[in-house]
Amino acid sequence: MHAEAAPPASASHALGLARRRLITRLMIIALSSLLLLGAMILALGSGAQSIAPDEVIQALQDRESVRKSVALIIHEVRLPRALAGALVGLNLAVAGALLQGVVRSPLGDPYILGVSAGGGFAAAATSLRVEGFPPDAVPVMAFIGALIGALIVYAIAWDGSGVTTTRLALAGVALTAMMSALTTTVVVMSVQGGGQIIFQWLVGGLYTASWREYHLIVPYSIAGFVLAMLLAKRANILALGDEMAQGLGLRVEWTRFLMSAVAAVLAGSAVAVAGLIAFVGLLVPFVARRLVGSDFRFLLPVSALLGAALIVSADTAARVTFPALFHLKNIEFPVGIITALIGGPLFLWLVRARRTQW
Amino acid sequence: MQSATSARRIISALLALMLIAAVGVPLAAAQEASEPRTIVDFARRQITLEAPPQRVVGMSASISEMLFAIGVSPVGVTSGMDYPPEAAALPDIGTGYQPNLEALAALEPDLIIGNAQLNMNILDKLEAIAPTIMIMTMTASDVPQNVRLLGQATWHDTEAEYLARAYDGYLALADKIGASHEGPSIVFIVGTLDVPNYGKSATYFGDMAKRLGAVNIADSEADAGPFPGYAQLSLEAIVDADPDFVFTVTRGSPTPMPETMASDPLWSSLSAFQNARVIELDNRLFVESPGPRFIEAMAQLFDILYGEGME
């Protein structure tokens, strides 16, 4: 009796566990969405000019019902910037999650791997040095530069069976330094605008992000995220290890290439709009992995939402909190400073703890 | 009864006609004054303005000074603007390099005059706030031209035309003075002694000095460094040329360059230094704010270059 009853009982137990796990994961997705919503509300509600929360809501509901200045600030300054920030965060975080799957290391961040720097150089070189280069094609160049950057670092760090954290970090640092030097060279050669553009490219900021630039990122965000989700199952198999994945019929190297290419699309367009923003792709998937585990079908959407929330709130801090700390009026900091300050310590800890496994 | 009513009708009709004439004629004139205008700016963009702008913002001290000169009071100015004095009391929109867009939007401008050198990367954001005209003022000879453009854009054509003609005449006179003087040799440094930029005759100051007959020792060098019109010189070349005057505008250090030079054996050995001809100039007047005050700047510069000889 007992022996007969046991198997169905444990099966239903396992089923219950799986269901509970699914519910937990869906809850986390819902909570991440709420977090993003909260970050957006905070971003729309704070800035150099103080606007009461009810007036912000009124401006969003009906542009004509509020003072002209309030409408301009909410619709033309804060909203475009918050949306651009959310997309840049989504792109970088999803690119990070994918690259971590490719290199099987928590250091798979577009910034560390030289992907962003490669994209940044390609974007700067074409937009500043090629006369009459169509601005719409800049993200495409950034994508190509990012992909080349990824492949170079990957090739250097790969020792035949995998990549070691140290090799990866070193190759990425070297490539980033070289690419940043080339980017600075290009910017200095194109003197017009001087220091500010260098800042925008190398520290990463959303100051110039606007409605007009949306077509430079929206299609890439959508396409990149959809493609990433389509690759999620294969990424899960790849995570089992090359031998196992091959045994299960996965074309391992091809999958790696596809994942890198999608990451380059995402990181490239983010760089084209906001320059080099550090460590988002490191920080966000690291947290997301601890929340929902390593299943890419959940890891990717949670990374996307948390990445968006991170950049939107970090940009609010860079616009409002930081200047207030230093008693600066009408001055703002680039968002890349905030993400570097948060992500830097995590990076150091990961390297020190030699965490080659995630 | 009947005739009284018709008489009243006629009077009413006459009154109505008079009323239409009284209101309508000035209205027609006003309509003519506010006929839409199309302005072509520095970036060769066409901007159509429907009516005379009432709330204008200039995105640099240079632009705001030109606006004040033609009788347009901007509703906000960039940080640190102190000339004319009433500018200091106006709302601050941040620096010319990175204006605060919220502060700008809060002013509800109906015309923005942007600086083509610094603001092209945020042109679409400015346009979202108000119609934007981009201008570029590099040297004194750009001033009359830009004053005319601003006059056109603000319906202050007459003031602008008078001023522009005066500026043109002054520049022509300055050129004649320069041509008739044996000019001293000069070097012009912006920054610090550690990170110097040597301004050539293509810069705002360099152009004014050249017009007054000065010979700039950096002119034979190619542009170098982050700013157009500036070159890099070796210390050896400066010692070799031993210029009559050294003009400095110190930026990025609290100690003015002439003071730093005093403790430097090489700089203090220059004859300009020993003859007390190392002169720190006002940043706004001579570098940062090319505009109507070029007249004041050139008068000061003339005194410095030729003052002694005229005693």
### Task
Pick out the one residue from A:L107, A:L90 that is aliphatic (A, V, I, L, M) and not in a loop (DSSP other than H, G, I, E, B).
A:L90
### Inter-residue pairs, beta-carbon under 6 Å, first more than 22 Å from B:A140 (Cβ to Cβ) and in the range B:65-83, second in a helix (DSSP H, G or I), 6+ apart
none
### Message
Which condition from (1) within 14 Å of chain A (Cβ to nearest Cβ); (2) crowded, with 21+ Cβ neighbours inside 10 Å; (3) more than 30 Å from A:A274 (Cβ to Cβ) is the one that B:A160 breaks?
### Response
(1)
### Task
Output the residue which, of all residues in the range B:210-232 that are farther than 18 Å from A:V188 by Cβ and either in a loop (DSSP other than H, G, I, E, B) or of a type in the set (G, A, S) (or both), is nearest to the other protein chains (Cβ to nearest Cβ).
B:A218
### Query
Taking the stated definitions as given, is A:T166 hydroxyl-bearing (S, T, Y) and at pLDDT below 80?
yes
### Query
Among the listed residues B:T139, B:T132, which satisfies the condition of being crowded, with 24+ Cβ neighbours inside 10 Å, in contact (Cβ under 8 Å) with a residue 60 or more places away in the chain and hydroxyl-bearing (S, T, Y)?
B:T132
### Flag for A:A263 being of a type outside the set (V, I, T) and either over 23 Å from the mean Cα position of the chain (by Cα) or over 15 Å from A:G149 (Cα atoms) (or both)
no
### Task
Tell me which of these A:L87 doesn't satisfy, since it passes every other one: (1) more than 20 Å from the chain's Cα centre (by Cα); (2) over 23 Å from B:D92 (Cα atoms).
(1)
### Task
Search the range B:174-217 for residues being of a type in the set (S, T, N, Q) and closer than 17 Å to B:V143 by Cα, and hand back the single one that is surrounded by the fewest Cβ atoms within 10 Å (Cβ to Cβ).
B:S201
### Message
All but one of (1) touching a Pro at 6+ places or on another chain (Cβ under 6 Å); (2) surrounded by fewer than 20 Cβ atoms within 10 Å (Cβ to Cβ) hold for A:R251; state the number of the condition that does not hold.
### Response
(1)
### Query
Can you spot a residue in the range A:16-38 that is of a type outside the set (K, R), part of a helix (DSSP H, G or I), surrounded by 14 or more Cβ atoms within 10 Å (Cβ to Cβ) and within 14 Å of chain B (Cβ to nearest Cβ)?
no
## Note on the structure
Exactly one of A:A278, A:A264, A:A235, A:A270 is touching a residue at least 40 places away in the same chain (Cβ under 8 Å) and either outside any helix (DSSP H, G or I) or touching a strand residue (DSSP E or B) at 6+ places or on another chain (Cβ under 7 Å) (or both), and that one is A:A278
### Task
State whether the residues of the range B:288-302 include one that is in a loop (DSSP other than H, G, I, E, B) and more than 27 Å from the chain's Cα centre (by Cα).
no
### Query
Within the range A:309-317, can one find any residue that is over 16 Å from the mean Cα position of the chain (by Cα), part of a helix (DSSP H, G or I) and within 14 Å of another protein chain (Cβ to nearest Cβ)?
yes
#### Entry: Residues satisfying the stated conditions in the range B:127-144, i.e. within 14 Å of chain A (Cβ to nearest Cβ), not polar (S, T, N, Q) and not in a helix (DSSP H, G or I)
B:A130, B:P131, B:M134, B:M136, B:M138
#### Entry: B:S73, sole failed condition from (1) in contact with a Ser or Thr (Cβ under 7 Å, 6 or more places away or on another chain); (2) away from chain A (no Cβ under 14 Å); (3) hydroxyl-bearing (S, T, Y)
(1)
### Those residues of the range B:54-70 which are touching a Leu at 6+ places or on another chain (Cβ under 7 Å), surrounded by fewer than 23 Cβ atoms within 10 Å (Cβ to Cβ) and within 14 Å of chain A (Cβ to nearest Cβ), in sequence order
B:R55
### Message
Can you say whether B:A153 is touching a residue at least 60 places away in the same chain (Cβ under 8 Å), away from chain A (no Cβ under 14 Å), over 17 Å from the mean Cα position of the chain (by Cα) and buried (at least 16 other Cβ atoms within 10 Å of the Cβ), as far as the supplied structure shows?
### Response
no
### Out of B:D223, B:D242, B:D264, B:D282, sole residue that is out of contact with any strand residue (DSSP E or B) (no Cβ under 9 Å at 6 or more places or on another chain), among the charged types (D, E, K, R) and not assigned by TED's automatic domain parsing to the domain that holds B:M81
B:D264
### Message
Would you confirm, using the coordinates I've provided, whether B:D110 is of a type in the set (D, E, K, R), facing another protein chain (nearest Cβ under 7 Å) and over 30 Å from B:L171 (Cβ atoms)?
### Response
no
### Message
For the range B:90-106: of the residues being more than 7 Å from every other protein chain (Cβ to nearest Cβ) and of a type outside the set (V, I, T), which is nearest to A:N330 (Cα to Cα)?
### Response
B:P99
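The values are calculated or read from the model by the stated rules, or taken from the named source; none is laboratory data. Quick caveat: nothing in here was measured; it's all calculated off a predicted structure. Heads up, the Cβs are rebuilt from the backbone with ideal geometry, glycines too, and the neighbour counts pull from every protein chain shown.
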